[in-house]
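Enquirer: The structure that follows is given in the form of structure tokens.
The values are calculated or read from the model by the stated rules, or taken from the named source; none is laboratory data. Owing to the predicted nature of the structure, the values given are computational and were not obtained by experimental measurement. Please note: Cβ atoms are built from the backbone with ideal geometry, for glycine as well, and neighbour counts cover all protein chains shown.
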Amino acid sequence: MDRIETVVIGAGVVGLAVARELALSGQEVVVLESQDAFGTGTSSRNSEVIHAGIYYPAGSLKAKLCVQGRQLLYAYCQERQIPHKRCGKLIVATSSAQVEQLTHIQHKAILNGLTQEDALQLLSAKDAIAKEPALYCEAALWSPSTGIIDSHALMLSYLGDFENAGGILALQSAFESAKVIGTGADLNFEIRTIDGTEFLAHQVINSAGLDAPNVARKFAGMDTALMPKAYYAKGNYFSLSGKSPFSSLIYPVPEAAGLGVHLTLDLAGQAKFGPDVEWVDSPQDLAVDPHRGDRFYAEVRKYWPGLKDDSLIPAYSGIRPKINAPHETAADFCILGPSHHGVPGLVHLLGIESPGLTSSLAIADEVKKCLS
């Protein structure tokens, strides 16, 4: 049976970042990807936003890895000339009752480690509207370190680094099962793919995204009680017909159900709205119901009164890989390494939703630490 030092399951942005990091450290790495191309899941169906690290609970992995990952990602993009833009973001209060919430958000950002250079700036309505004349608000926070990125170009660069370091990407190679064999230094994983191929791996990183909790349960000889269940939160996007009057991202003050209907831009300046939250039973449920856009108009007009009727067009959707049920508080990133489950050489990456793209290089570093 063939032996491979390290196997990464899943070739999304996080899987590629992890594989790259381990290959650059001198390991022999193979990435197993079930589809016929890399990055076809959540990694290609998101807002392509580089997040600042504002909203996440202080001390959480999301907060820590987002702030670290953002700094690493901007440096990487500049070094590799990956298309990106530090366009900034306005978080807007559209009622007097929301203004006080802006100071709470500002305080949370400080707790999360945003530096003075990245710090949120409290703006009056006049100053915010001077930045974005089409905007309506009572006050706003300016996030100078929020940006946008070409996620496909980023993944292509990660893949190039990985392959240049000797790594191999195996497409159409869906993981089927694994068995833990041996103990101590002789511990290995007997991996089987869906086409019947079998080989031994000394280390395995489960970065299967939406399918990661299910993959984690397929390791025979392990206690699966630690493994959370997969839930699927679909996010629908609607694009704006015509030119956007905004040059920054616009986010309403967060509400209990999420971040509200926000406006993001791509690198060509095209505006889109979303994602909303629609809990679904299957990660294959990607059709966008045009009628879901009806409620977007009233929400968007709270901060952009000039939005015209019939100007929102169904665009695409993505699925968030949730590990919490709809009625539960949003879960943190779940990185289960040997210190959690007791099996050397195995790391499960579960619930890696937003800000996973922003955090990808920091997550890769965290995985390397788990394996050391």
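Enquirer: When you scan segment 205-228, do you find a residue that is within 20 Å of residue 51 (Cβ to Cβ), of a type in the set (D, E, K, R) and within 16 Å of the chain's Cα centre (by Cα), even just one?
Expert: no
Enquirer: Related question: Residue under question is residue 330, and the condition is that it be on the phi < 0 side of the Ramachandran plot, in a loop (DSSP other than H, G, I, E, B), under 17 Å from the mean Cα position of the chain (by Cα) and without any contact (Cβ under 8 Å) to a residue 40 or more places away in the chain; does it hold? Give the steps one after another, and end with the answer.
Expert: Numbers: on the phi < 0 side of the Ramachandran plot: yes; in a loop (DSSP other than H, G, I, E, B): yes; under 17 Å from the mean Cα position of the chain (by Cα): yes; without any contact (Cβ under 8 Å) to a residue 40 or more places away in the chain: yes.
Judged against the criteria, residue 330 is a match.
Enquirer: So residue 135 clears everything in (1) in contact with a Ser or Thr (Cβ under 8 Å, 6 or more places away or on another chain); (2) modelled with pLDDT of 95 or more; (3) among the aliphatic types (A, V, I, L, M) except one condition, right? Which one?
Expert: Residue 135 satisfies all of (1) in contact with a Ser or Thr (Cβ under 8 Å, 6 or more places away or on another chain); (2) modelled with pLDDT of 95 or more; (3) among the aliphatic types (A, V, I, L, M) except (1).
Enquirer: I would also like to ask the following. Restricting to segment 297-342, give me the number of residues that are among the hydrophobic types (A, V, I, L, M, F, W, C), under 22 Å from residue 248 (Cα atoms) and surrounded by 18 or more Cβ atoms within 10 Å (Cβ to Cβ). Working first, answer last.
Expert: Within segment 297-342, the first condition is being among the hydrophobic types (A, V, I, L, M, F, W, C), and the residues that meet it are 298, 300, 304, 307, 312-313, 315, 319, 323, 325, 330-331, 333-336.
Adding the requirement that they be under 22 Å from residue 248 (Cα atoms) leaves 298, 300, 304, 307, 312-313, 315.
Add one more test, that the residue is surrounded by 18 or more Cβ atoms within 10 Å (Cβ to Cβ), and what stays is 300, 304, 307, 312.
Selection size over segment 297-342: 4.
Enquirer: Going through 35, 98, 71 one at a time, which residue ends up being over 15 Å from the mean Cα position of the chain (by Cα) and in a loop (DSSP other than H, G, I, E, B)? Give the steps one after another, and end with the answer.
Expert: Values: 98 fails: in a loop (DSSP other than H, G, I, E, B); 71 fails: in a loop (DSSP other than H, G, I, E, B).
Sole residue among the options that is over 15 Å from the mean Cα position of the chain (by Cα) and in a loop (DSSP other than H, G, I, E, B): 35.
Enquirer: Here is a follow-up. As an exercise: evaluate residue 162 against (1) out of contact with any Leu (no Cβ under 6 Å at 6 or more places or on another chain); (2) more than 30 Å from residue 216 (Cβ to Cβ); (3) not assigned by TED's automatic domain parsing to the domain that holds residue 244 and give the number of the one condition it does not meet.
Expert: Just one mismatch for residue 162, condition (2).
Enquirer: Among the residues of segment 76-93, is there at least one that is within 18 Å of residue 209 (Cβ to Cβ) and either in the same structural domain as residue 128 (by TED's automatic domain parsing) or buried (at least 17 other Cβ atoms within 10 Å of the Cβ) (or both)?
Expert: no
Enquirer: Right, something else. Can residue 288 be described as touching a helix residue (DSSP H, G or I) at 6+ places or on another chain (Cβ under 6 Å) and not assigned by TED's automatic domain parsing to the domain that holds residue 40?
Expert: Numbers: touching a helix residue (DSSP H, G or I) at 6+ places or on another chain (Cβ under 6 Å): no; not assigned by TED's automatic domain parsing to the domain that holds residue 40: yes.
So residue 288 does not fit the description; no.
Enquirer: Restricting attention to segment 47-68, which residues are among the charged types (D, E, K, R) and assigned to a helix (DSSP H, G or I)?
Expert: If we filter segment 47-68 for residues that are among the charged types (D, E, K, R), which is where we start, we get 48, 62, 64.
Matches in segment 47-68: 62, 64.
Enquirer: Given (1) surrounded by fewer than 17 Cβ atoms within 10 Å (Cβ to Cβ); (2) at pLDDT below 95; (3) within 23 Å of the chain's Cα centre (by Cα), where does residue 108 come up short, assuming only one miss?
Expert: Among (1) surrounded by fewer than 17 Cβ atoms within 10 Å (Cβ to Cβ); (2) at pLDDT below 95; (3) within 23 Å of the chain's Cα centre (by Cα), the lone unmet condition for residue 108 is (1).
Enquirer: Report the residue count in segment 262-303 for those that are at positive phi and out of contact with any strand residue (DSSP E or B) (no Cβ under 9 Å at 6 or more places or on another chain).
Expert: Within segment 262-303, the subset at positive phi is 269, 274.
With the extra rule that they be out of contact with any strand residue (DSSP E or B) (no Cβ under 9 Å at 6 or more places or on another chain), the set shrinks to 269.
Adding up the residues that qualify gives 1.
Enquirer: With 172, 203 as the choices, which residue is out of contact with any Lys or Arg (no Cβ under 6 Å at 6 or more places or on another chain) and crowded, with 19+ Cβ neighbours inside 10 Å?
Expert: Details: 172 fails: crowded, with 19+ Cβ neighbours inside 10 Å.
On inspection, the qualifying residue turns out to be 203.
Enquirer: Quickly run through segment 1-32 and pick out the residues that are part of a loop (DSSP other than H, G, I, E, B) and modelled with pLDDT of 95 or more. Spell out how you get there, then give the answer.
Expert: Pass one, segment 1-32, residues part of a loop (DSSP other than H, G, I, E, B): 1, 10-12, 25-28.
If the condition is that a residue be part of a loop (DSSP other than H, G, I, E, B) and modelled with pLDDT of 95 or more, then 10, 11, 12, 25, 26, 27, 28 are the ones that fit.
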